[in-house]
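Beneath this line is the structure, given in structure tokens, with notes to follow.
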Amino acid sequence: MTKILVIHGPNLNLLGSREPEVYGSDTLASIDQALVKLAEQHSVSLETFQSNIEGEIVNRIHQASANQNNFVIINPAAFTHTSVAIRDAFLATDLPFIEVHLSNVFSREEFRAHSYLSDIAKGVICGFGKNSYLLAFEAAIIACNTSNSKE
Ligand code: CA2
């Protein structure tokens, strides 16, 4: 069975409580719920993980690789713009991943346009709120089914 891990980065546990004009009014729990529903529809195994701690995200990527996960979807949040450690974790494990963002990072402050992950990701989806995750999930399933996810 295809195994997909979704990682949510720092502060995303607060979704729905502040800045709805930027990040929407969906809570993280409602995003995870929608992903669980999609996973059931596609008979895919799904795990979700949120952390505010960079090293925990690095460890979770290592664990996903050791546990034969097929694909990772990650919203690295602020670590997108700072984390060589998360980049190196993906390079070290060779796990295919899609980078997602709720907001359109290219229409915001200049520093958000740079990502330490985009160039090594299978793809990047941003600007669609909760649907960024759902679109990424569909794309991950297509990638896994066409078994080119590691190419
Ligand atoms: O648009 C995205 O998904 C981001 O990854 C969100 C990050 C931001 O640093 C990236 O540039 C783009 C910030 C997540 C903060 O989450 C909040 C949740 C509730 C209230 C305020 C912030």
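The values are calculated or read from the model by the stated rules, or taken from the named source; none is laboratory data. Quantities reported herein were computed from a predicted structural model and do not represent experimental measurements. Backbone-built Cβ (ideal geometry, glycine too); neighbour counts: all protein chains shown.
Counting only residues that are of a type in the set (S, T, N, Q) and at pLDDT 95 or above, which one in segment 125-150 is farthest from PHE90 (Cα to Cα)?
Looking only at segment 125-150, we keep the residues that are of a type in the set (S, T, N, Q), and these are 131-132, 145-149.
Then keep just the ones that are at pLDDT 95 or above; that gives 131-132.
On the way: ASN131: 24, SER132: 21 Å.
That would be ASN131.
Would a scan of segment 87-101 turn up a residue that is modelled with pLDDT under 95, part of a helix (DSSP H, G or I) and more than 10 Å from the ligand (Cβ to nearest atom)?
Taking segment 87-101 and keeping what is modelled with pLDDT under 95, we get none.
No, every residue in segment 87-101 fails to be modelled with pLDDT under 95, part of a helix (DSSP H, G or I) and more than 10 Å from the ligand (Cβ to nearest atom).
May I ask you to say which residue of PHE71, PHE97 is within 22 Å of ASN131 (Cβ to Cβ), in contact with a strand residue (DSSP E or B) (Cβ under 6 Å, 6 or more places away or on another chain), in contact (Cβ under 8 Å) with a residue 60 or more places away in the chain and surrounded by 19 or more Cβ atoms within 10 Å (Cβ to Cβ)?
Details: PHE97 fails: in contact (Cβ under 8 Å) with a residue 60 or more places away in the chain.
The conditions single out PHE71.
Of all residues in segment 32-54, which are part of a loop (DSSP other than H, G, I, E, B) and over 18 Å from ALA139 (Cβ atoms)? Give the derivation first.
Quick first cut of segment 32-54, residues part of a loop (DSSP other than H, G, I, E, B) only: 42-44, 51-53.
Once the filter is applied, which keeps residues that are part of a loop (DSSP other than H, G, I, E, B) and over 18 Å from ALA139 (Cβ atoms), segment 32-54 yields SER51, ASN52, ILE53.
Which residues, counting only those in segment 2-39, are of a type in the set (D, E, K, R) and over 26 Å from ASN59 (Cα atoms)? Quick ask: steps written out before the conclusion?
First pass over segment 2-39, keeping only residues of a type in the set (D, E, K, R): 3, 18-19, 21, 26, 32, 37.
ARG18, GLU19, GLU21, ASP26, LYS37 - these are the residues of segment 2-39 that are of a type in the set (D, E, K, R) and over 26 Å from ASN59 (Cα atoms).
Out of curiosity, is ALA29 among the small types (Gly, Ala, Ser), surrounded by 14 or more Cβ atoms within 10 Å (Cβ to Cβ), modelled with pLDDT of 95 or more and assigned to a helix (DSSP H, G or I)?
Values: among the small types (Gly, Ala, Ser): yes; surrounded by 14 or more Cβ atoms within 10 Å (Cβ to Cβ): no; modelled with pLDDT of 95 or more: yes; assigned to a helix (DSSP H, G or I): yes.
Judged against the criteria, ALA29 is not a match.
Scan segment 65-85 and tell me whether some residue there is within 8 Å of the ligand (Cβ to nearest atom) and in a loop (DSSP other than H, G, I, E, B).
Yes, segment 65-85 contains at least one residue that is within 8 Å of the ligand (Cβ to nearest atom) and in a loop (DSSP other than H, G, I, E, B).
Only residues that are surrounded by fewer than 17 Cβ atoms within 10 Å (Cβ to Cβ), within 25 Å of TYR23 (Cβ to Cβ) and either touching a helix residue (DSSP H, G or I) at 6+ places or on another chain (Cβ under 8 Å) or among the acidic types (Asp, Glu) (or both): list them for segment 51-68, please.
Listed by number, the residues that qualify are ASN52, GLY55, GLU56.
If you go through segment 1-46 one residue at a time, how many are β-branched (Val, Ile, Thr) and either farther than 20 Å from ILE98 by Cα or within 11 Å of the ligand (Cβ to nearest atom) (or both)? Before you say what the answer is, go through the steps one by one.
Keep residues of segment 1-46 that are β-branched (Val, Ile, Thr), which gives 2, 4, 6-7, 22, 27, 31, 36, 44.
Subset that is either farther than 20 Å from ILE98 by Cα or within 11 Å of the ligand (Cβ to nearest atom) (or both): 22, 27, 31.
Counting residues in segment 1-46 that are β-branched (Val, Ile, Thr) and either farther than 20 Å from ILE98 by Cα or within 11 Å of the ligand (Cβ to nearest atom) (or both) gives 3.
Would you be able to say whether some residue in segment 108-124 is touching a strand residue (DSSP E or B) at 6+ places or on another chain (Cβ under 9 Å), outside any loop (DSSP other than H, G, I, E, B) and of a type in the set (D, E, K, R)?
yes
In segment 100-115, how many are touching a residue at least 40 places away in the same chain (Cβ under 8 Å) and touching a Ser or Thr at 6+ places or on another chain (Cβ under 8 Å)?
Looking only at that region, the number is 1.
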